[in-house]
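Take a look at the structure set out below.
The values are calculated or read from the model by the stated rules, or taken from the named source; none is laboratory data. Since the structure is predicted, the reported quantities are computational estimates derived from the model, not experimental observations. Glycine also receives a Cβ, built like all others from the backbone with ideal geometry; neighbour counts cover every protein chain displayed. These accessible areas exclude ligands, DNA and RNA; they are computed on the full protein's heavy atoms, side chains included. Shrake-Rupley method; radii C 1.70, N 1.55, O 1.52, S 1.80 Å.
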Amino acid sequence: MASIPDPVSDHGNGLSIVEASINEIRRALDQGWITSVELVSKYLHRIAVYDRQGKLNSIPVLNLSVFEDAAASDHRRASGLPIRLLEGIPFTVKDSYKVKGMTVASGSPAFRNLVANEDAFTVQMLRDAGAVLIGKTNMPPMAAGGMQRGVYGRAESPYNKDYLTAAFASGSSNGSATSTAASFAAFGMAEETVSSGRSPASNNGLVAHTPSRGLISIRGNWPLYPTCDVVVPHTRNVQDLLEILDIIMVKDERTAGDFWRAQPFVALPPLSDVRPSSFESLTNTKTLQGKRIGVPKIYIGKSKPLDNPINTRQSILDLWYQAKKTLEGLGATVVETEFPLITEYDTVSTVNPAKSAQSANMSISDGITEEWNSIERRELVAYAWDDFLRQNGDPAYPSLSSVDASQIFPRPPGALLDRYRKLGAPISYSAVVSLVSEDRGSINSLPGMEVALSTLENRRKSFEFWLQSENFDCIVFPANADVGRADTDTNEASADAAWKNGVLYSNGNRVIRHLGIPTITVPMGIMEDTQMPVGLTFAGKAYDDTKLLKYAFAYEEKSRNRRVPKWTPELESDLIQTQTRVVKGGASPPIVTIEGQKRVDGNGRALLRLSGTFEVGETDGVDTLVVTVDGKSVAIVIQGENWETESDIEVDATTGKAEIDKTMVIALVLGKNGRSSAKLLLLD
């Protein structure tokens, strides 16, 4: 990884986009300090410096229309149209979200060219609110893991390059968390099936909300395990999370592709009965006064050993005791407790991997049979994937049966074998593909589903009865017991540590998601020894999401534990001058074009020549024209309304590169009226 640039510490009259909140960015746009086009260029500059060409690798697919989308937002603002809640504010989405016209590979080589027919519901809601998509974030194939390398590789930690940016076995939203922590956008949209949203949030000092069933539509997202999958926003503070929830936690009239809202067996409460009229109303710093909070002893080293023990790192325990003092200082009573939810239902904790490969499916009982455990990991997955492809309608991918199963989750060369089999939880992708046919029936017709879903609900209710019997308002616990090392995929010793209980997944393991238990994870601090962040998770009754959000807000306001990543400090270009420049009332922006010509000279060097035009229009002239190549400004010559680079630029001669390794060229023109336009070009 490259050396760390010197940080910019004296802001003077400037606002930095690093760690900037949604409200701060909104104010900069509203005040005319900056346009959305310029804002996007600043985020792309950080991406060029810190993310691309072998660096953090968190955003492998850029939205090539991002400047056009930003310009449309600027035009709306300049024309005096109503300003929407996220007008002009950049965000990212995980590669498993559909974005119309972009690929939706879900990290898998098998689907690298699959093109989305429409926006996922949450993407549509965010764009309708004015948000501007920067790009799509990295993940392992089909989200069926954590830090395994997919078609785009994997994201790396912006805090410590020796450690993983998410749990190895379940942290598939690794790109979302890395990019959000590194301030490559205002926020990111992740997902979770086991701990894929919580784990990367914890490892990156972020806030994550895993909602109760049916509260946020997941229509338009690739499924993994439909009984568990949820949308998870990633933000740098709770206030930003609340702003996003106000936009995406709304009713979706369409249910196809959203398992829990589409199934007919378990009644979900109406959204209007659960969500507040405004999430802003949850910002009360006194909501923890008088609350009784349980902390499971198994996560703080004080319980009887499990068959598969959890050994919490001392530096995490140190942070926990600081968090406990903060909670108590806010008026809460913190009680150490046993945790029957895990000892009764969490099969990972009851498996001894050193002795057996017994099944780690849900424990057998009335309603949860061996047959259902098999169906849930086979037919249910196969039918959901097949439905996704059929609903998407890409003629190159008409159904799951048309897919090369060997390419869904291929093992990278040199990678160690995953250890899911020791936990009894492998997926056979060749078998999954073979399970679909034209006359297969619907997901809801799968045998045993009605009874199984009812059993999951009853098990969750037993957790809620326990909370009530102990008089707990919620439980809290360190999000993880330790952090895996970066070479877990190739080093046996590192793998041994990373596949331990409390490390392979976030604490709570699969049972939290499988039973539909809502959680909020917030930063708990930085471990003194590893310099990696760790989160504190609040969990409670189903549909108590608003209570948990209140508790998390109060804790965060008092603790202020988030820290800027070491490897992505502020750049000079990150600053926004706090002075009004943008003229309102319909003023037009200048227009810029860009072309690139690449040649190889007699010495085998690849040389790039850039040129283009700009039109002044009604801008009163051009103030600045800036051209950058991979984040570095290049000298240009202007003649009339034409421009070209002063000299050839030497670039990588390799051809056939992945998008994230291509040369990124940006031409940004600023008019004297404050309006701007830009073009993005990726060159092989």
Place a +1 charge on the Cβ of each Lys and Arg in the chain and a -1 charge on the Cβ of each Asp and Glu, then give the dipole magnitude about the Cα centre in debye, rounded to the nearest 20. 1060
Among the lysines, select those whose C-alpha is under 26 Å from the C-alpha of K566, and discard any that sit fewer than 8 residues away in the same chain. K42, K55, K94, K136, K161, K558, K632, K662
Stretched out fully, how many nm does the piece from V335 to V626 gain, at 0.36 nm a residue minus the Cα gap? 98.9 nm
Given (1) 1.26; (2) 0.97; (3) 1.02 as possible values of Rg/Rh (Cα atoms, Kirkwood Rh), the one from the coordinates is (2)
In what sequence, highest mean first, do 332-339, 504-511, 158-165 appear when ranked by Cβ atoms within 10 angstrom? 504-511, 158-165, 332-339
Which Cα, out of P569, V634, I520, lies furthest along the positive dipole direction of the chain (beta carbon charges, K/R +1, D/E -1)? I520
With n ≥ 4 as the cut-off for DSSP H runs, can you work out [θ] at 222 nm for the chain, using -39500 (n - 2.57) per run divided by the number of residues, rounded to the nearest 500? -7500 deg cm²/dmol
How large a share of the accessible area of the chain, in percent, is made up of carbon and sulfur atoms when the probe is 1.4 Å and the other protein chains stay in place? 47
Quick calc of log₁₀ I(q)/I(0), the range 400-529, Debye, one scatterer on every Cα, no solvent, q values 0.12, 0.22 1/Å, result -0.79, -1.29
Among T122, A155, G107, which residue has its Cα positioned farthest towards the positive end of the charge dipole of the range 1-157, with +1 placed on the Cβ of Lys and Arg, -1 on the Cβ of Asp and Glu, and the dipole taken about the Cα centre? G107
About the Cα centre, charge dipole magnitude for the range 63-160 (Lys/Arg +1, Asp/Glu -1 at Cβ), debye: 220
Round to the nearest 0.05 the FRET efficiency obtained for E650 and S401 when R0 = 51 Å and r is the Cβ-Cβ distance. 0.60
Most to least packed among 134-141, 107-114, 17-24, 476-483 [average Cβ atoms within 10 Å]: 134-141, 476-483, 107-114, 17-24
Under 11 Å from the Cβ of N23, count the other residues' Cβ atoms, weight Lys and Arg +1, Asp and Glu -1, and hand me the total. -3
Run the numbers for L85 and E492: contour at 0.36 nm per residue of separation, minus the present Cα-Cα distance, in nm. 141.7 nm
Full-stretch length increase - R560, R411 - with 0.36 nm per residue and alpha-carbon distance subtracted: 49.6 nm
Aspartates and glutamates with Cα under 16 Å of K304, excluding same-chain neighbours fewer than 8 positions away: E336, E338, E344, D346
Scalar couplings 3J(HN,Hα) for the range 539-554 by Karplus 6.51 cos²θ - 1.76 cosθ + 1.60 (θ = phi - 60°), nearest whole Hz, x for Gly and Pro, are 9, x, 5, 4, 6, 9, 3, 5, 4, 4, 4, 4, 4, 5, 4, 4
What is the packing order of peptides 175-186, 26-37, taking the mean over residues of other C-beta atoms within 10 Å and listing the highest first? 175-186, 26-37
Might you tell me the accessible area per residue for the chain, computed with a 1.4 Å probe and given in Å²? 37
What are the principal axis extents of the Cα atoms in the range 540-684, in Å, biggest first? 67, 46, 28
Environment charge at G612 (Cβ cut-off 12 Å; Lys +1, Arg +1, Asp -1, Glu -1): -2
Could you please report the charge total around I247, scoring K, R as +1 and D, E as -1 over all other residues with beta-carbon less than 11 angstrom from its beta-carbon? -1
